[in-house]
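What follows is one structure encoded as structure tokens, with my remarks underneath.
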Amino acid sequence: LLPALAGAFAAAAGEGDREPVLYGHAPVEPELARLARAGLDADGVPDGPVAVTSGALDAMERVLVAHLRPGDAVAVEDPGWGSLLDLVPALGLRTVPVGVDDEGPLPDDVRRALAGGARALIVTDRAQNPTGAALGAARARALRPVLADHPETLLVEDDHGHHIVDLPLHALAGATRSWAFVRSAAKAYGPDLRLAVLTGDAVTLDRVRGRQRLGPGWVSRIVQRAVVRLWREGAVDPVAVAARYGRRREALIGALARRG
């Protein structure tokens, strides 16, 4: 279900030959930022600057490092994404488990974690790994006042299910003063497209972009331009892809249920 990439990269490389990207140029392709922001606006994600990172996990690492210090506690979904559960302690941070059902994180667990001192909460909005949970409207309404009681919490949302899941987004972004919202191109367009779009509050994004300049500098503008072409040309039909993945998921769940 992944699109062909040759045409998009050939066109992006040709554009780079005509107008080379040099040191000091803007780190984000303007059209990528425009299209990404339009999609975020359509889904009700609060306004904020746009940054580009080398995938969702890179974005989350940069956000956590921008706010937290070794020894701080991070509330994470349990069960949760293995790579994230490895990343948090690798940064010297502590994990605090938050239970998950089909509608997302359990409000009482989130309340306990934040009251117990967790300084950050990481939520998967859709296609939670490994449960497949998706944050529902009622659950989002229940979680917002919990977060409002702890406004200093760093909220990080991972919407890696964008363009592969046929469920609406119910973002929590903006429920706290410090927040970040991440969308990756890897799931819908190919794992080797190491590109994620990140938005959030101005302070968080400023810290992330400042630190990024001192390391890799930017994500290749050729990759960014290729992704723009894939988006503009409709290389992935989100409705059809989501339906295919949905049928496969239901088939697997049914087969597992028949075997107890």
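Looking at Pro151, Pro238 in this structure, which one is exposed (fewer than 13 other Cβ atoms within 10 Å of the Cβ) and of a type outside the set (Val, Ile, Thr)?
Sole residue among the options that is exposed (fewer than 13 other Cβ atoms within 10 Å of the Cβ) and of a type outside the set (Val, Ile, Thr): Pro151.
Taken over the stretch 111-133, the criterion of being crowded, with 17+ Cβ neighbours inside 10 Å, of a type in the set (S, T, N, Q) and part of a loop (DSSP other than H, G, I, E, B) is satisfied by Gln128, Asn129.
Just to check your reading of the model, which residue among Arg259, Arg221, Arg207, Arg229 is under 27 Å from Gly174 (Cβ atoms), at pLDDT 95 or above and of a type outside the set (Gly, Ala, Ser)? The match here is Arg207. Only residues that are at pLDDT 95 or above, out of contact with any Lys or Arg (no Cβ under 9 Å at 6 or more places or on another chain) and surrounded by fewer than 24 Cβ atoms within 10 Å (Cβ to Cβ) were counted across the stretch 175-187, and they come to 3.
Here is the figure for the stretch 55-78: residues that are of a type outside the set (Asp, Glu), crowded, with 17+ Cβ neighbours inside 10 Å and more than 14 Å from Glu157 (Cα to Cα) total 4. Looking at Ala240, Ala175, just one residue is farther than 18 Å from Gly55 by Cα, more than 16 Å from the chain's Cα centre (by Cα) and not in a loop (DSSP other than H, G, I, E, B), and that residue is Ala240.
Every residue in the stretch 206-235 that is aliphatic (A, V, I, L, M) and surrounded by fewer than 20 Cβ atoms within 10 Å (Cβ to Cβ), please.
Hits for the stretch 206-235 are Leu214, Ile222, Ala235.
The values are calculated or read from the model by the stated rules, or taken from the named source; none is laboratory data. These numbers were taken from a predicted model, which means no experiment stands behind them. Neighbour counts are summed over all protein chains in view; Cβ atoms, including those assigned to glycine, are modelled from backbone coordinates with ideal geometry.
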